[in-house]
Amino acid sequence: MTSPFAAFNFSGKKALIRVDFNVPLDKQTYAIGDDNRMRAAVPTIVKILQDGGAVILMSHLGRPKEGPETKSSLIHITGHLQTLLSNAMNKEVLVQFANDCIGQEAYDKSENLKAGEVLLLENLRFYKEEEKGDASFAQKLSKLGDVYVNDAFGTAHRAHASTAVIAQYFSADKKMFGLLMEGEVKAAELVLHKAAKPFTAIIGGAKVSDKILIIENLLERATDIIIGGGMAYTFMKAQGGQIGKSLCEEDRLSTALDILNKAAAKGVNIHLPIDSVVADNFAADANTNISQSNQVPDGWMGLDIGPKAAESFAATIKNSKTILWNGPMGVFEMEKFQEGTKAIAVAVAEATANGAFSLVGGGDSVAAVNQFGFADQVSYVSTGGGAMLEYFEGKVLPGIAAIAVQ
Ligand code: 3PG
Ligand code: MG
């Protein structure tokens, strides 16, 4: 089926695209740490330019609270954007910059923009009105383009002026998702609503509290839920285990038990790590050992799943037809605690090669698949962290609703 975006001819049009260029910048040099989100938006921009349209890009960067600040200026990414677009278009694409996302300079530059040209606006969050979802600010932004394209999946969980409120100022045929947003929504829908079984969800990360809602929603859908990372020790302790000085949310012990009981009642298999790599310190050079995850000695902490857990998790994953992965199994940033997460990446890649659909999302798990070189061996790598989490919690994302529901 052709999408509204693919079917739209942008020739002679000015497309105002909300992108999520909230990329990590080096504090001193402002060099871009991970440009995935920028690269992911390139196909949308290229299609518009190739049609003979002009592109006005708007984004936030960081969380500035008091108006303009150098460290959150999008000017730092202009050069790299120009390189990415020039490479994709096989010719020099000039990216102009407007020092303010609204106001005379932005309007003039947008007005004078010709077919094939790109204008990047300064950080939307330099205005408090952006996060407040202020309607008159959204209306001012809307004047910058003829067509509104939302390609900011990473920010789709925010009901902000540029992600949601702005849509009302465009008629139904002049607002649409871009290719990235379409791809994200398609992959997420497939996993949430059309998952082939067995469907294994791999949930990691430090805190149970961050993942309660996603686990509860997945209990209705998944056949297997693998729980790793720091949050696993709250589950261990809840069942009477000894966890040493591993992470634990004392106030979530009953939540953990509740999840286990609900899973049992629904026939969903919860997989907890049988063993762990334990350390005497939270440090890259800590002394390490392997212990049962429910018998961590005093003074030690679990910082990764152990080899037996990795093997059994991998077996479950390889048997799956649908895989959702959100959150690492351990402190993979440190070499001594990366084997568990790496083993999961290998298993997900293998299952994918054998025909499973795999979706990886959430900042840390995406960083892990990139670090271990598996990004092109999974079916889809999401650019959304919070957005992806909220989608799988079953929430309606404002950025999607504003366009999908007319
Ligand atoms: C993100 O990176 O989470 C998105 O860009 C949204 O940013 P926010 O969490 O600051 O709203
Ligand atoms: Mg966020």
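Things to note:
- Positive-pole candidate from Phe199, Pro24, Met38, dipole of the chain, charges at beta carbon: Phe199
- Helix 208-218 axis, angle to the chain major axis (alpha carbon atoms, nearest 10°): 80 degrees
- Rel. contact order, % - alpha carbon contacts under 8 angstrom, at least six apart, the chain: 15 percent
- By the beta-carbon count within 10 Å of each Cβ, the least crowded to most crowded order of Trp300, Trp325, fewest first, is Trp300, Trp325.
- C-alpha long axis of helix 253-266 to longest principal axis of the chain, angle in °: 90 degrees
- Electrostatic dipole magnitude of the range 299-341 [Cβ: Lys, Arg +1; Asp, Glu -1; Cα centre; debye, to 20]: 240 debye
- Taking the number of Cβ atoms within 10 Å of each Cβ as an exposure proxy, the fewest-first ranking of Cys248, Cys101 is Cys248, Cys101.
- Rg(Cα) / (2.2 N^0.38 Å) computed for the range 199-275, rounded to two decimals: 0.99
- Based on Cα contacts under 8 Å between residues 6+ apart, the range 200-303 shows a relative contact order of 30 percent.
- Listed pairs Lys13/Lys128; Lys186/Lys262; Lys262/Lys342; Lys114/Lys143; Lys128/Lys211; Lys65/Lys245 exceeding 25 Å between Cα atoms: Lys13/Lys128; Lys186/Lys262; Lys262/Lys342; Lys128/Lys211; Lys65/Lys245
- Each of Ile75, Ala279, Ala6 was placed along the dipole of the chain (beta-carbon charges, centred on the mean Cα), and the one lying farthest toward the positive end is Ala6.
- Share of Cα-Cα pairs in the range 237-313 lying beyond 13 Å, as whole percent: 68 percent
- Over the range 240-399, relative contact order from alpha-carbon pairs under 8 Å, at least 6 apart, %: 18 percent
- Additional length obtainable on full extension of the chain from Asn289 to Leu94, 0.36 nm per residue less Cα span: 64.7 nm
- Sum of side-chain charges, Ala167 neighbourhood, beta-carbon under 15 Å (Lys, Arg +1; Asp, Glu -1): +1
- Calculated on alpha-carbon atoms, Rg and Dmax of the chain in Å: 22.7, 69
- In this Cβ point-charge picture (+1 for Lys and Arg, -1 for Asp and Glu), the chain has a dipole of about 860 debye about its Cα centre.
- FRET E, pair Asp298, Ala404, Förster distance 56 Å, beta-carbon r, rounded to 0.05: 0.60
- Kirkwood hydrodynamic radius of the range 31-178, from inverse mean 1/r over distinct Cα pairs, in Å: 15.5 Å
- Remark: the range 1-139 carries a charge dipole of roughly 320 debye about the Cα centre, counting +1 on each Lys and Arg Cβ and -1 on each Asp and Glu Cβ.
- Between the residues Ile166, Gln292, Gln338, the greatest Cα displacement towards the positive end of the dipole of the chain, with unit charges on the Cβ of Lys, Arg, Asp and Glu, is found for Ile166.
- Across the range 127-136, rounded Karplus estimates of 3J(HN,Hα) from the backbone phi angles (6.51 cos²θ - 1.76 cosθ + 1.60, θ = phi - 60°) give 10, 4, 4, 4, 5, 6, x, 5, 5, 6 Hz, Gly and Pro being marked x.
- Each of the peptides 130-140, 37-47 was scored by the mean count of other Cβ atoms within 10 Å over its residues; in descending order, highest first, they stand as 37-47, 130-140.
- Angle between the chain longest axis and helix 179-193 axis [Cα atoms, degrees, rounded to 10]: 30 degrees
- As a proxy for reagent exposure, ranking His60, His271 by other Cβ atoms within 10 Å from fewest up yields His271, His60.
- The GluC sites (Glu not before Pro) of the range 305-406 meeting both criteria, a DSSP state outside H, G, I, E and B (loop) and at most 15 other C-beta atoms within 10 angstrom of the site's C-beta, are Glu333.
- Taking the empirical scaling 2.2 N^0.38 Å for compact globular proteins as reference, the range 277-406 has a Cα radius of gyration ratio of 1.20.
Computed from the coordinates by the stated procedures, all read-outs in this text should not be read as laboratory data. These numbers come from a predicted model, not from an experiment. Neighbour counts are summed over all protein chains in view; Cβ atoms, including those assigned to glycine, are modelled from backbone coordinates with ideal geometry.
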